[in-house]
Amino acid sequence: MLTAYTHFGKNHLHFDVLDSTNTFAQNLIAKSSPMDGTVISAGFQSQGRGQFDRKWLSNPGENLCFSIIVYPHFLQPNQQFYLSMCIATAIAKALENEKVGNVKLKWPNDLYIGPLKTGGILIVNQLQGLKWASSVIGIGINVNQTSFDPELPNPTSLAIHTSKVLNLKHLLDNILFQIEHDYNQYLRKADFDHLFSTYHQYLLGHEQAVTYSSGEAIRQGVLKGVMPDGRIWLEGEFGKELFANGETSLTY
Amino acid sequence: MTFKEIQDLIKLMDKSTLSEFSFKTETYEVKIKGPRSYAPTMVTTAVPSMPVAMPSQAPIAAPNSSVQEGPKAEDAAPKAATDKLIEIKSPMVGTFYRSSAPDKPAFVSVGDSVQKGSVVCIIEAMKLFNEIESEFAGKIVKVLVEDASPVEYDQVLFLVEP
């Protein structure tokens, strides 16, 4: 059967100010049936959030904050990490296309430039029974902001790194183009091997020595990569150890 | 002593038959008391801002226990009716959350009516947050899992009276 996929961003709602693009998108899904690839963006989020509603602060008009609505019916709930990898690697590729060097992904899905954080991804899925009904993919990237809250441990932005001001609309279009391409090419066609190898190419600390916590102990080891379910594989003096997000603390 | 270590101690206590435990070094002293008759209060590093709510038998009596309606497993299922109840199960391995954030109210509590499509909980795995929707209308009669605790695939989370 031939299926025509909707162009990501064909349906695009932009707001100068919004509480949170993810919240808006989640409400949209609850009330209507927004088309696949619908994009919600905001010049400024008054209630921008990271995981567990942690605040995500960003100066008005300087950064990208947007959410994409997709319906990954063709994946099982236990394949969710593939979506996370697909989005993260697509953004990394798009940034490289914009001549941003040293783009890294910090496990599981933070966007880094070298050792500094430049963005994050927050994915919220809606599940009906065992069926994965829809996803809201929230993406925040520090683009043209050059001063940050001194409380933040290690922020950076694309402008700081490239020493130039970037066109937000152009950047958003390029990111959406890459995400749409990779979503269709690797997720729909179940080419997960490609996602794995690409993710590992960008993975911060891959095949390098790291310090990590294992229960009470602090260990040295090598970051070997991730498993299909997203758990990280660390090879220490006691051999292979696997941790889910939140189960270990890593120092690169 | 780190938060994680305290958390591990509490977890060990929960699994043991001890009702009291104390431990002292040159620099610090830890005392934990917990009545075995109460359900253990789960505390995880994922929600550090959540107050460590010890069961309310604690000497400092809560002025109004109804205020402490923090998410915890609830049981109000009349035994006789359990055979016609519908189960809401976990579609995946992850961590079960009853609210969207530590300071937010629970999505549902015992006695609440849910509609088809109502979000009943969140299961988090690898920083992906899954809103679990009820597939049918009914009334929540039992919450089987503590907030912020791990769940397995197919584990029963709620009992619903259709």
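The values are calculated or read from the model by the stated rules, or taken from the named source; none is laboratory data. This is a predicted model, so every value here is computed, not measured. As a convention, Cβ positions derive from the backbone with ideal geometry for all residues, glycine included, and neighbour counts pool all protein chains shown. The protein model used for the area step is the full one, side chains on, heavy atoms only, and it has no ligands, DNA or RNA in it. Shrake-Rupley method; radii C 1.70, N 1.55, O 1.52, S 1.80 Å.
Structure notes:
- Filter result for A:Phe66 (open to solvent by 50 Å² or more (accessible area, probe 1.4 Å), modelled with pLDDT of 95 or more and away from chain B (no Cβ under 14 Å)): no
- Scan of region A:124-142 for residues that are assigned to a loop (DSSP other than H, G, I, E, B) and more than 7 Å from chain B (Cβ to nearest Cβ), ordered by number: A:Asn142
- Residue within region A:93-101 that is crowded, with 23+ Cβ neighbours inside 10 Å, in contact (Cβ under 8 Å) with a residue 24 or more places away in the chain and within 27 Å of A:Gly43 (Cβ to Cβ) present: yes
- Within region B:93-126, being outside any loop (DSSP other than H, G, I, E, B) and under 13 Å from the mean Cα position of the chain (by Cα) holds for B:Thr95, B:Phe96, B:Tyr97, B:Cys121, B:Ile122, B:Ile123.
- Matching residues in region A:99-115 - criterion: being of a type in the set (A, V, I, L, M) and over 15 Å from the mean Cα position of the chain (by Cα): A:Val100
- Residues being closer than 22 Å to A:Phe81 by Cβ, open to solvent by 20 Å² or more (accessible area, probe 1.4 Å) and either within 14 Å of chain B (Cβ to nearest Cβ) or of a type in the set (Asp, Glu) (or both) - total across region A:215-242: 8
- Of all residues making up region A:1-57, the number that are within 13 Å of chain B (Cβ to nearest Cβ), open to solvent by less than 40 Å² (accessible area, probe 1.4 Å), in a loop (DSSP other than H, G, I, E, B) and at pLDDT 85 or above: 1
- Leading residue by the ranking (farthest from the other protein chains (Cβ to nearest Cβ)) among those in region B:121-137 that are buried (at least 21 other Cβ atoms within 10 Å of the Cβ) and closer than 15 Å to B:Glu87 by Cα: B:Cys121
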